[in-house]
């Protein structure tokens, strides 16, 4: 096996906070190798402290440039529609942000790193929703229907570990709105006359007066009252 000294570099990995001389001299083919603080391996930037902040900065910067390039064709009143922008986000930007999640997910525990990705998603949500910059991030996620990036990162990492176990597990997948079960199909309606077959009946009611909001329940077993319940509710309820 031969190595190319021009493509080889040296990096000292250490998480110690104390200041010390980390310069080393390593030779390959009688040539001194360059010592660096970050190395890009298989698309992931590995730094000397293994905190992966440099990778998050690089990815967020790259995604931000793509989003700003879309600004020329996605204005408030004209340009690409939200369906097209949503497709671009899920097909081009989101895969870049989630690449190698199991490797660097520990870096998302720090607020400074989480903000990097939150800002990128906020920029894209503004374009998709065609909203103003003053709109909150939570409201943008509701308007666009896009999962917050910190939840999506945890979901991707969890899915990786589940599929890695190679066990027959049933995984939940996101369904389109058109595939949701209609509430009318899930409700069971009892016909007249079937109520006699039931031995337990529960009746509830509530009211609001000057003393507040209250509710009550009555439980009947074979047409005989067996229990009464009373509850005090919050005054904002009606």
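Just one of 46, 67 is in contact with a helix residue (DSSP H, G or I) (Cβ under 9 Å, 6 or more places away or on another chain) and closer than 21 Å to residue 107 by Cα; which is it? Outline the logic, then answer.
Details: 67 fails: closer than 21 Å to residue 107 by Cα.
Exactly one of 46, 67 is in contact with a helix residue (DSSP H, G or I) (Cβ under 9 Å, 6 or more places away or on another chain) and closer than 21 Å to residue 107 by Cα, namely 46.
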Does the range 49-81 hold any residues that are surrounded by 15 or more Cβ atoms within 10 Å (Cβ to Cβ), out of contact with any strand residue (DSSP E or B) (no Cβ under 8 Å at 6 or more places or on another chain) and at pLDDT below 85, and which are they? 70, 74, 79
Looking at the structure I just gave you, is residue 237 in contact with a strand residue (DSSP E or B) (Cβ under 9 Å, 6 or more places away or on another chain), at pLDDT below 75, surrounded by 10 or more Cβ atoms within 10 Å (Cβ to Cβ) and more than 24 Å from residue 104 (Cα to Cα)? yes
Hey, residue 46 hits all of (1) buried (at least 17 other Cβ atoms within 10 Å of the Cβ); (2) not in a strand (DSSP E or B) but one; which does it fall short on? (2)
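For every residue, the table says whether it meets (1) under 20 Å from residue 108 (Cα atoms); (2) surrounded by 14 or more Cβ atoms within 10 Å (Cβ to Cβ); (3) touching a residue at least 24 places away in the same chain (Cβ under 8 Å); (4) outside the structural domain of residue 83 (by TED's automatic domain parsing).
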residue: 122; (1), (2), (3), (4): yes, yes, no, no
residue: 135; (1), (2), (3), (4): no, yes, no, no
residue: 144; (1), (2), (3), (4): no, yes, yes, no
residue: 150; (1), (2), (3), (4): yes, no, yes, no
residue: 156; (1), (2), (3), (4): yes, yes, yes, no
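Could you say whether any residue in the range 16-29 is outside any loop (DSSP other than H, G, I, E, B), touching a strand residue (DSSP E or B) at 6+ places or on another chain (Cβ under 8 Å) and surrounded by 10 or more Cβ atoms within 10 Å (Cβ to Cβ)?
Looking only at the range 16-29, we keep the residues that are outside any loop (DSSP other than H, G, I, E, B), and these are 27-28.
Within this subset, residues satisfying the condition of being touching a strand residue (DSSP E or B) at 6+ places or on another chain (Cβ under 8 Å) are none.
There is no residue in the range 16-29 that is outside any loop (DSSP other than H, G, I, E, B), touching a strand residue (DSSP E or B) at 6+ places or on another chain (Cβ under 8 Å) and surrounded by 10 or more Cβ atoms within 10 Å (Cβ to Cβ).
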Any residue that is under 23 Å from residue 118 (Cα atoms) and within 27 Å of the chain's Cα centre (by Cα) - is there at least one of those in the range 32-40? no
Inspect all residues belonging to the range 58-66 and state whether any of them is touching a residue at least 12 places away in the same chain (Cβ under 8 Å) and on the phi > 0 side of the Ramachandran plot. no
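Just one of 109, 84 is exposed (fewer than 12 other Cβ atoms within 10 Å of the Cβ) and closer than 26 Å to residue 145 by Cα; which is it? Break it down into steps so the answer makes sense when it comes.
Values: 84 fails: exposed (fewer than 12 other Cβ atoms within 10 Å of the Cβ).
After applying the criteria, what remains is 109.
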Residues located in the range 1-15, provided they are surrounded by 11 or more Cβ atoms within 10 Å (Cβ to Cβ) and within 28 Å of residue 98 (Cβ to Cβ): 9, 11, 13
Quick check on the range 94-106: of everything there that is under 14 Å from the mean Cα position of the chain (by Cα) and surrounded by 16 or more Cβ atoms within 10 Å (Cβ to Cβ), which residue is nearest to residue 140 (Cα to Cα)? 94
With the structure loaded, tell me whether residue 210 is out of contact with any strand residue (DSSP E or B) (no Cβ under 8 Å at 6 or more places or on another chain), exposed (fewer than 10 other Cβ atoms within 10 Å of the Cβ) and modelled with pLDDT under 75 or whether it fails that test. no
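Please return the ranges of helices (runs of 4 or more DSSP H) entirely within the range 82-200 where 2 or more residues are at pLDDT below 75. Give the steps one after another, and end with the answer.
Working: elements: 82-88, 94-98, 101-104, 111-129, 137-144, 149-164, 183-186.
The helices (runs of 4 or more DSSP H) meeting that bar are 183-186.
The values are calculated or read from the model by the stated rules, or taken from the named source; none is laboratory data. It should be emphasised that the depicted structure is a prediction, and the values quoted were computed from it without experimental measurement. All Cβ positions, glycine included, derive from the backbone under ideal geometry; neighbour counts span all protein chains shown.
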